[in-house]
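Colleague: Have a look at the structure that comes next, please.
The values are calculated or read from the model by the stated rules, or taken from the named source; none is laboratory data. This is a predicted model, so every value here is computed, not measured. Glycine gets a Cβ as well: all are built from the backbone with ideal geometry, and neighbour counts include every protein chain shown.
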């Protein structure tokens with residue numbers, strides 16, 4: 001298991017886990033996956049690189065052991 005600290009929280013992940021960057025629209029709208037990466041560093045890079053317009057939202061999730069954990073989220 002590997003560990004990473006993102007925004008003051010520790011997350012454990014393995015090489016089989018993956019990171020998903022998702023984008024959605026509206027306060028009740030669902031998210032759609034845009035990018036899927038194998039490393040947290042690349043996931044954070046894509047998450048920070050996405051510019052969202054008014055009414056849009058984004059989040060970074062870690063999928064590990066069949067569970068999806070939201071790591072970071074932002075809305076405009």
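Colleague: Kindly provide the set of residues from region 1-52 that are surrounded by fewer than 10 Cβ atoms within 10 Å (Cβ to Cβ) and farther than 18 Å from residue 64 by Cβ, ordered by number.
Modeller: The answer is 8, 27, 28, 30, 32, 49, 51.
Colleague: Return the residue satisfying two criteria in turn: it lies in region 51-64 and is free of Cβ contacts under 8 Å to residues at least 40 places away in the same chain and either touching a helix residue (DSSP H, G or I) at 6+ places or on another chain (Cβ under 9 Å) or not in a strand (DSSP E or B) (or both), and of such residues it is nearest to residue 1 (Cα to Cα).
Modeller: Just the residues of region 51-64 that are free of Cβ contacts under 8 Å to residues at least 40 places away in the same chain, to begin with: 51-59.
Subset that is either touching a helix residue (DSSP H, G or I) at 6+ places or on another chain (Cβ under 9 Å) or not in a strand (DSSP E or B) (or both): 51-55, 58-59.
Working: 51: 32, 52: 33, 53: 36, 54: 38, 55: 37, 58: 27, 59: 23 Å.
Ranking the candidates gives 59 first.
Colleague: Collect the residues in region 53-71 that are within 20 Å of residue 15 (Cα to Cα) and surrounded by 15 or more Cβ atoms within 10 Å (Cβ to Cβ), keeping them in residue-number order. Write out each step before concluding.
Modeller: So the first thing to find is which residues in region 53-71 are within 20 Å of residue 15 (Cα to Cα), and the list is 60-71.
Of everything in region 53-71, those that are within 20 Å of residue 15 (Cα to Cα) and surrounded by 15 or more Cβ atoms within 10 Å (Cβ to Cβ) turn out to be 60, 61, 62, 63, 64, 71.
Colleague: Out of 28, 57, report the one residue that is over 11 Å from the mean Cα position of the chain (by Cα), on the phi < 0 side of the Ramachandran plot and modelled with pLDDT of 90 or more.
Modeller: Working: 28 fails: modelled with pLDDT of 90 or more.
Criteria check complete, one pass: 57.
Colleague: Among the residues in region 12-19, are any assigned to a strand (DSSP E or B) and modelled with pLDDT under 90? Reasoning before the result, please.
Modeller: Keep residues of region 12-19 that are assigned to a strand (DSSP E or B), which gives 12-13, 18-19.
Of the ones still in play, those that are also modelled with pLDDT under 90 are 12-13.
Scanning region 12-19 turns up at least one residue that is assigned to a strand (DSSP E or B) and modelled with pLDDT under 90.
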